[in-house]
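Written out below as structure tokens is the structure these notes cover.
The values are calculated or read from the model by the stated rules, or taken from the named source; none is laboratory data. The model shown is predicted, which means the values in this text are computed figures rather than measured ones. Heads up, the Cβs are rebuilt from the backbone with ideal geometry, glycines too, and the neighbour counts pull from every protein chain shown. Just so you know, the surface numbers come from the protein's heavy atoms only, side chains and all, with ligands and any DNA or RNA stripped out. Shrake-Rupley method; radii C 1.70, N 1.55, O 1.52, S 1.80 Å.
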Amino acid sequence: MAEQFDVVVIGAGPGGYIAAIRAAQLGFRTACVDDWTMADGKPAPGGTCTNVGCIPSKALLQSSEHFEHAGHAFAEHGIDVKGLAIDVTRMLARKDKVVRQNNDGILYLFKKNKVAFHSGTGSFAGGAPGAWQIRVEGSGAASLVAKHVIVATGSKPRALPGAPFDNKLVLDNDGALAIPEVPRKLGVIGAGVVGLEMGSVWRRLGAEVAILEALPVFLSAADEQVAKEAWKLFAKQGLAIELGIKITKVVAAKDIAVEYDDVQGKKRSARFDKLIVSIGRLPHTSGLGADVVGLELDERGFVAVDGDCKTNLDGVWAIGDVVRGPMLAHKAEDEGAMAAELIAGQKPHIDYDAIPWIIYTSPEIAWAGKSEQQAKAAGLAVRTGQVPFSINGRALGINEATGFVKIVADAETDRVLGVHIIHAHASDIIQEGVTTMEFAGASEDIARIVHGHPTLSEVVREAALALDKRALNM
């Protein structure tokens, strides 16, 4: 007999598990269905982010950064390191431990909030508004009926035509996180977030890394000045990045042979021990049973939703990577909470213009809102303030004085339109900019707030002061 629920969430990634917990907090009888499992067969909620994305990649980035600092940066502090070596097996084991801790944490939260968890693949089996039927196939096989369904099935990596993933030679994000030894030559197709982060990990550990990008512009989504600074710093670190290339052939044998046309149209070739392909992601809607109930998908396969994440079906919602908008874990989380609160009759809102973007390279790159170029293209008159971290005592003291903060504000109203940061701690510093934009704040608001000294956040204040040409430390 089918189990009855108020809300069933299909998918336990960042959006799904947050949606389930928030729905349960609001008093709904809630179930969550997810098919991720650990190597030992135990459930592994958390989706791509926890299992093969945000969490494990940050663990490896931290390990590789420690290795690089020990080999190159510690000497400046008077710390000499001899016999430095990397044990990749132990590094990967630590990464796996971090992942499992997160998996177990989500399972604990489900139990704490009385969310019924079903380990298996969830799909629509029929039903109608108020009584949607969900089939669960797998170790937690079950039949569920729900008044409301939240689809949070996420996305999957897009393969390069003619070069399917085998995660031995041609790697997706999962394979990139589990290379058993440092490759001598590593190729990366795509200079986006995954390509830059994974390229950085293995470059720090000793691999010769070449990144091939189809677009003619580097980091086109970022502010132009940030992208130029990042290009300069990555080149200095040894990341070889080629833009405007077109892959024509990939042959996987004992190694990987890649043939491509460069930006001038000349025929080029390269050989790699491993090839990471990071050319985007596709919505994961296959097997969902969308056709069974008439759930509308757009021409790219995304679940069609409105601004509140409602689908064309009464009582069916969709969030995260499987719908329009940036494929970001924190965007999915907020949409998950929003969907649950809308079901409860509340009136939450997400400002998609203020969602932060972060690339966890070294230095990190973070931004929120419009770049100077985007603002001008939209016909807005703007003022900007830009201040380097090299003027900041805290940055100098921790030996992280590379990078800058740039603020873009409306020339007439002074409202902050965008904040752009390149620095070792950009991922944390960007939140002041996000908060300011969420409250429709002005650069003068930031300039008038007392910032602790010595802190890195003082550079944000200096950038705000610089809009009026009154920066105090430069």
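Hey, among 244, 265, which residue is touching a Pro at 6+ places or on another chain (Cβ under 6 Å) and without any contact (Cβ under 8 Å) to a residue 40 or more places away in the chain?
On the way: 265 fails: touching a Pro at 6+ places or on another chain (Cβ under 6 Å).
Of 244, 265, the one residue that is touching a Pro at 6+ places or on another chain (Cβ under 6 Å) and without any contact (Cβ under 8 Å) to a residue 40 or more places away in the chain is 244.
Does any residue of segment 54-64 turn out to be surrounded by fewer than 18 Cβ atoms within 10 Å (Cβ to Cβ), of a type outside the set (D, E, K, R) and outside any loop (DSSP other than H, G, I, E, B)? The answer is yes, given that some residue of segment 54-64 is surrounded by fewer than 18 Cβ atoms within 10 Å (Cβ to Cβ), of a type outside the set (D, E, K, R) and outside any loop (DSSP other than H, G, I, E, B). List, please: which pairs have Cβ atoms under 7 Å, are six or more places apart or on different chains, and start with a residue in segment 214-229 that is at pLDDT 95 or above and end with one that is assigned to a helix (DSSP H, G or I) and open to solvent by 70 Å² or more (accessible area, probe 1.4 Å)? Within 7 Å, the pairs are 218/231.
For segment 449-465, enumerate the residues that are β-branched (Val, Ile, Thr) and surrounded by 22 or more Cβ atoms within 10 Å (Cβ to Cβ).
We begin by selecting, within segment 449-465, every residue β-branched (Val, Ile, Thr); these are 449-450, 455, 459-460.
Result: 459, 460.
Comparison of 24, 70 shows that the only residue that is closer than 20 Å to residue 334 by Cα, open to solvent by 10 Å² or more (accessible area, probe 1.4 Å) and not in a loop (DSSP other than H, G, I, E, B) is 24. Residues that are out of contact with any strand residue (DSSP E or B) (no Cβ under 6 Å at 6 or more places or on another chain) and in a loop (DSSP other than H, G, I, E, B) within segment 312-326 comprise 312, 313, 314, 319, 324, 325, 326, listed in sequence order. Residue count for segment 27-38 satisfying the condition of being touching a strand residue (DSSP E or B) at 6+ places or on another chain (Cβ under 9 Å) and either assigned to a strand (DSSP E or B) or open to solvent by less than 60 Å² (accessible area, probe 1.4 Å) (or both): 7.
Suppose we filter 407, 446, 358, 422 for residues that are under 27 Å from residue 239 (Cβ atoms) and surrounded by 21 or more Cβ atoms within 10 Å (Cβ to Cβ); which single one remains? Full working, then the answer.
Values: 407 fails: under 27 Å from residue 239 (Cβ atoms); 446 fails: under 27 Å from residue 239 (Cβ atoms); 358 fails: surrounded by 21 or more Cβ atoms within 10 Å (Cβ to Cβ).
The conditions single out 422.
Being out of contact with any Leu (no Cβ under 8 Å at 6 or more places or on another chain), open to solvent by 10 Å² or more (accessible area, probe 1.4 Å) and under 27 Å from residue 64 (Cα atoms) narrows it down to one residue among 193, 251; which is it? Break it down into steps so the answer makes sense when it comes.
Details: 251 fails: under 27 Å from residue 64 (Cα atoms).
Only one candidate passes the filter, namely 193.
Taking into account only those residues within segment 443-458 that are outside any loop (DSSP other than H, G, I, E, B) and touching a helix residue (DSSP H, G or I) at 6+ places or on another chain (Cβ under 8 Å), which is nearest to residue 405 (Cα to Cα)? Going through the qualifying residues, I end up with 458.
For segment 186-193, state whether one or more residues are farther than 25 Å from residue 166 by Cβ and assigned to a helix (DSSP H, G or I). Within segment 186-193 (the criterion being farther than 25 Å from residue 166 by Cβ and assigned to a helix (DSSP H, G or I)), the answer is no, since none of the residues qualifies.
Number of residues in segment 298-338 that are open to solvent by less than 60 Å² (accessible area, probe 1.4 Å), within 20 Å of residue 131 (Cβ to Cβ) and more than 21 Å from the chain's Cα centre (by Cα) equals 5. The set of residues in segment 73-114 that are in a helix (DSSP H, G or I), open to solvent by 80 Å² or more (accessible area, probe 1.4 Å) and under 30 Å from residue 396 (Cβ atoms) comprises 76, 77. Scan segment 94-104 and give yes if some residue there is under 30 Å from residue 275 (Cα atoms) and without any contact (Cβ under 8 Å) to a residue 24 or more places away in the chain, otherwise no. The answer is yes, given that some residue of segment 94-104 is under 30 Å from residue 275 (Cα atoms) and without any contact (Cβ under 8 Å) to a residue 24 or more places away in the chain. What about residue 342, is it open to solvent by 30 Å² or more (accessible area, probe 1.4 Å), over 18 Å from the mean Cα position of the chain (by Cα) and under 17 Å from residue 28 (Cα atoms)? Against the criterion (open to solvent by 30 Å² or more (accessible area, probe 1.4 Å), over 18 Å from the mean Cα position of the chain (by Cα) and under 17 Å from residue 28 (Cα atoms)), residue 342 qualifies.
The single residue among 461, 470 that is more than 24 Å from residue 357 (Cβ to Cβ) and not in a strand (DSSP E or B) turns out to be 470. Put simply, of 455, 413, 435 the only residue that is of a type in the set (Ser, Thr, Tyr), farther than 21 Å from residue 350 by Cβ and free of Cβ contacts under 8 Å to residues at least 40 places away in the same chain is 413.
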